[in-house]
Amino acid sequence: TVAMGQRVSGRSRTWIGAAAIALAIGVGFILWWRQLPAIPVVEAVTQLTDDGEIKGNSGRLVTDGSRIYFGEGTLGTYKIMQVAATGGPTSPILTRLANFQFTALSQDGSTLLGASGDQFVLPLWTIPLPAGAPRRLGSLEAQDADLFPDGRILFSLGKDLYIAEKDGSQTHKLLSASGVIRDPSVSPDGERLVLTIYSRGPISIDEARADGSGLHPIVNTSDAGQVCCARWTPDGRYVVYENRFE
């Protein structure tokens, strides 16, 4: 009788141990699954403007939460426009700079970063919001640029990516790529970068750490279209990019 009781007790401990392991695995899977980011879904589309002007041919589309800033016009007539985030009449941001194409909005919504001219490489300027005189950023010239949360400048020139202080000083190179770098973008926490690399092979969107290390592709151009223009979502959980079908 004692031996039989011992065998039963041993079996019970085995089953209890197996059940505990299964429970731990199940709880771990649920926690892991709940941490996975949900797939974004477009639930609605709202038209914000109705002025019949060409949009998006210059600069970016950026917002401070209450206003949306965008480029309007064609080469020679570029201008910066704004509209309420809920839509309505548009109004221009006046500047003396010809063909100013903004590339970024500071995190506090007080400054637009961009370039003026009609060349591939252009001098960088900042324009204060809602109004004010533009300010040249030292001798910086770039193809594209973005801003870190603390105001430092991320910019591309040829195959190289650089960082500079907010006044354009103390420039140093972060990385070199296999092709021309466009559309550099800093994550909202300032810890990661994405950029589009145009090379003789497939165009790619690459990611790197903020110090330039760990550069690797996250998506490439395929037969379905041409990728470009990656930007972070405000929460930093996603990278949104264009796929231009030919």
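Of all lysines in the structure, the ones whose alpha carbon falls short of 16 Å from that of Lys55, not counting any fewer than 8 places away in one chain, are Lys79. Dipole check for region 143-233: with +1 at the C-beta of Lys and Arg, -1 at the C-beta of Asp and Glu, and the Cα centre as origin, the magnitude is about 220 Debye.
What the phi angles of region 106-117 give under the Karplus curve with 6.51, -1.76 and 1.60, with θ = phi - 60°, is a coupling list of 4, 4, 8, x, 9, 8, 9, 9, x, 9, 10, x Hz, glycine and proline written as x. Ignoring lysines fewer than eight residues from Lys159 along the same chain, the ones with Cα atoms less than 26 angstrom from its Cα are Lys173.
Residues whose amide H falls under 5 Å from that of Ala104, counting only those 5 or more places apart or on a different chain, are Leu113, with hydrogens built in the peptide plane.
Compared with the alpha-carbon gap, the fully stretched path from Asp235 to Ser178 is longer by 17.6 nm at 0.36 nm per residue. A straight chain from Asp211 to Leu48 at 0.36 nm per residue would run longer than the Cα-Cα distance by 54.9 nm. Assuming R0 = 35 Å, what is the FRET efficiency of Lys79 and Gln226, from their Cβ-Cβ distance, to the nearest 0.05? Efficiency, from the Cβ-Cβ distance: 0.80.
Placing a label point 7 Å from the Cα of Asp108 along the Cα-to-Cβ direction, the residues of region 169-185 whose backbone N falls under 19 Å from that point are 169.
Figure note: His172, His216 ranked by solvent-accessible area, largest first, 1.4 Å probe, ligands and nucleic acids not counted: His172, His216. Given R0 = 30 Å, the distance between the Cβ atoms of Glu191 and Asn243 translates into a calculated FRET efficiency of 0.70.
The values are calculated or read from the model by the stated rules, or taken from the named source; none is laboratory data. The shown structure was predicted, so the numbers you read here are calculated from the model rather than taken from an experiment. Cβ: placed from backbone, ideal geometry, glycine included. Neighbour counts: every protein chain shown. The accessibility values were calculated without ligands, DNA or RNA, using every heavy atom of the protein model including side chains. Shrake-Rupley method; radii C 1.70, N 1.55, O 1.52, S 1.80 Å.
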